[in-house]
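Working notes, beginning with the structure itself.
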């Protein structure tokens, strides 16, 4: 006699099957979030550095990612309707390309003025048009929080689509998203420190943001020409290798 034929054991067996699925799929979803969010983390770190006080940076990350979590859960719940809504994909792609282009323009302007953006070793960011000196204006906490949440939402289109493809269990995908946001918060704080040490890392992060935007545009307009995920990851890895290639000089004692 098989255990499944015993009515009293059926709920227990079904529960075991459910927990087995959780134990199998949850780490996979978390790993998927971590891999797809590496470029997201560096972008959020660069954005939060517009606030030149560490306590305000941490507050912005906490509030921004809390708002981002609410957006992610809403995106997951509405995934079947939202993920195929082309105006949202177009808006997300345009926003990411705007972020990338704006940073590159500010860096180019900084070089013309002899400032060189954030790559002059002073640890201050021109991403978003803010820096501590040289005539730049400091960003507001509310503006940085909103930018963090919107940036994560734009990045979430890919990660949520991948997570929903792995499992159709809503609670699992939401749990993976929550853990992914927590990991993103910790990773972004680590990147803030690295951005102060490596000359090209911020620009590498924004170029990775641009790559994600281009991929979203291709998926929308030319789906047959969308590069595979592994190629995007290789390109991002190459950008990060360049980003970590040159350290800023240590400040004189």
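Laboratory data are not the source of any read-out in this text; all were calculated from the coordinates shown. This is a predicted model, so every value here is computed, not measured. In this analysis, Cβ positions are derived from the backbone assuming ideal geometry, glycine residues included, and neighbour counts consider all displayed protein chains.
Here are the numbers:
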{"quantity": "Taking all pairs of distinct alpha-carbon atoms in region 142-253, Kirkwood radius in angstrom", "calculated": "16.1"}
{"quantity": "Neighbour-count ranking [beta-carbon atoms within 10 angstrom, fewest first] of 239, 186", "calculated": "186, 239"}
{"quantity": "Spacing of the two label points (7 Å from each Cα toward its C-beta) at residue 225 and residue 54, in nm", "calculated": "4.7"}
{"quantity": "Separation in nanometres of the label points that stand 7 Å from Cα toward Cβ, at residue 169 and residue 245", "calculated": "4.5"}
{"quantity": "Protection-proxy order for peptides 197-204, 140-147, each taking the mean of Cβ atoms within 10 Å per residue, highest first", "calculated": "197-204, 140-147"}
